[in-house]
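Since the structure comes first, as structure tokens, the remarks are kept for the end.
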Amino acid sequence: RAVDLLRSAKRPLIVLGKGAAYAQADADIRALVERTGIPYLPMAMAKGLLPDTHEQSASAARSYVLPEADVVMIIGARLNWLLGHGKGKTWGGKGHKDWGGQRYIQVDISPQEADSNVRIEAPLVGDIGSCVQALLQGIDSTPGGSWPKPPAEWTGAIAERKNNNIAKMAETLAKNPQPMTFHSALNVVRDIVKANPEALLVNEGANALDFTRSIVDMYKPRKRLDVGTWGIMGIGMGFAVAAAV
């Protein structure tokens, strides 16, 4: 059912959550993304599962892809507050409780996550690596042997918005104000992480969390620790000490 739903999509989207990173099925997840050609959106702690600079990454067009997608496959991510509970204006709904019309596929080890906030058309419950391998087998056995890539109208519209947003961000990052701002400080961090992709980045809460997520690219999986599900502020120093140890 999941494969059929993906195949029929005109504006498909894959959302990668921290569960996808925990699963350590990096090669299979990358194969799924690249073989289908579907744009993907990494949640904060899934950044680096594929490099943030990957051409299919839709991070820089997040506010466009969420409401516009027609079929969304969620891999190891909860439909919690970080994703607007799967409904509301984030997803194109008229009000904060209205469903946007997306059809969901959810891959998760916990059956309780399916149908938690919105109806999941194709829930896949199990180890993420095993589920993704099964999806790949289903995709490979497509009648005719070739998987239809998403329409160019969809991927082109994402690329246009993404490129515009990246260009605007580059313009902001090129400035060097005195005193430093979030942008100019994080521009330094961005360069350090690029030069040292194996480094662990600990990201505190509030503004630092939001700015860093959109400015600092990650290139390797499981190298970024943020404030977690409940957005607890104050844990950054403890996380940084633990990461160093």
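The values are calculated or read from the model by the stated rules, or taken from the named source; none is laboratory data. Computed from a predicted model, the values in this text were never measured in an experiment. FYI the Cβ positions are ideal-geometry reconstructions off the backbone, even for glycines, and counts take in every protein chain you see. For accessibility, only protein heavy atoms count, side chains too; no ligands or nucleic acids. Shrake-Rupley method; radii C 1.70, N 1.55, O 1.52, S 1.80 Å.
Structural remarks
- Calculated FRET value between residue 167 and residue 220, using beta carbons and R₀ = 25 Å, to 0.05: 0.45
- Taken along the Cα-to-beta-carbon direction at a fixed 7 Å, the label points for residue 96 and residue 199 span 3.8 nm.
- Reciprocal mean inverse distance between Cα atoms of region 27-112 - Kirkwood radius, Å: 13.6 Å
- Percentage, to the nearest whole number, of Cα pairs in region 2-157 over 25 Å apart: 21 percent
- Residue 85 - accessible surface, heavy atoms, 1.4 Å probe, Å² rounded to 10: 80 Å²
- Annotation for region 72-126: trypsin sites (Lys or Arg not before Pro) lying in DSSP loop with at most 10 further Cβ atoms inside 10 Å of their Cβ are 94, 97.
- Region 95-245, Rg to Rh (Cα coordinates; Rh as Kirkwood inverse mean 1/r): 1.03
- Neighbour net charge for residue 18 - beta-carbon separation under 14 angstrom, K R +1, D E -1: +2
- Given 47/175; 10/94; 87/220; 168/223; 47/97, the pairs whose alpha carbons are separated by over 24 Å: 47/175; 87/220; 168/223; 47/97
- Projecting label points 7 angstrom from Cα along Cα→Cβ for residue 146 and residue 130 puts them 3.5 nm apart.
- Those trypsin sites (Lys or Arg not before Pro) in region 160-245 that DSSP places in a loop and that have at most 11 other beta carbons within 10 Å: 175
- Candidates 118, 107, 65, ranked by Gaussian network fluctuation over the chain, Cα under 10 Å, top entry: 118
- Cα long-axis angle, helix 182-195 against the chain (0 to 90 degrees, to the nearest 10): 70 degrees
- Using a probe radius of 1.4 angstrom, the carbon and sulfur fraction of the accessible surface of the chain is 55%.
- If you sort the three axes of the alpha carbon gyration tensor as a ≥ b ≥ c, you get a/c of 1.5 or more for region 175-245 and a/b no higher than b/c, which makes it oblate.
- A cut-off under 14 angstrom between Cβ atoms defines the neighbours of residue 37, and their net charge, with Lys, Arg +1 and Asp, Glu -1, is +3.
- Taken about its Cα centre, the chain carries a charge dipole of roughly 420 debye when the Cβ of each Lys and Arg holds +1 and the Cβ of each Asp and Glu holds -1.
- Across 178, 137, 56, mean-square fluctuation computed from a Gaussian network of the chain (C-alpha pairs under 10 Å connected) peaks at 178.
- Put simply, the amide H of residue 124, placed in the peptide plane, has neighbours under 5 Å in 106, 107, 108, leaving out anything fewer than 5 places away on its chain.
- Ellipticity estimate at 222 nm from DSSP helix runs (n ≥ 4, -39,500 (n - 2.57)) divided over the chain, nearest 500: -12000 deg cm²/dmol
- Residue 192 paired with residue 232, simple spin-label distance in nm, labels 7 Å along Cα-to-beta-carbon: 2.5 nm
- In degrees, nearest ten, helix 128-140 long axis to first principal axis of the chain (Cα): 50 degrees
- Computed over region 152-199, the P(r) tail beyond 12 angstrom holds 69 percent of alpha carbon pairs.
- GNM flexibility winner over the chain from 218, 45, 233 (Cα, springs under 10 Å): 233
- Computed on region 1-55, with alpha-carbon pairs under 8 angstrom and 6+ residues apart, the relative contact order is 44 percent.
- For region 1-127, the solvent-accessible area with a 1.4 angstrom probe is 42 square angstrom per residue.
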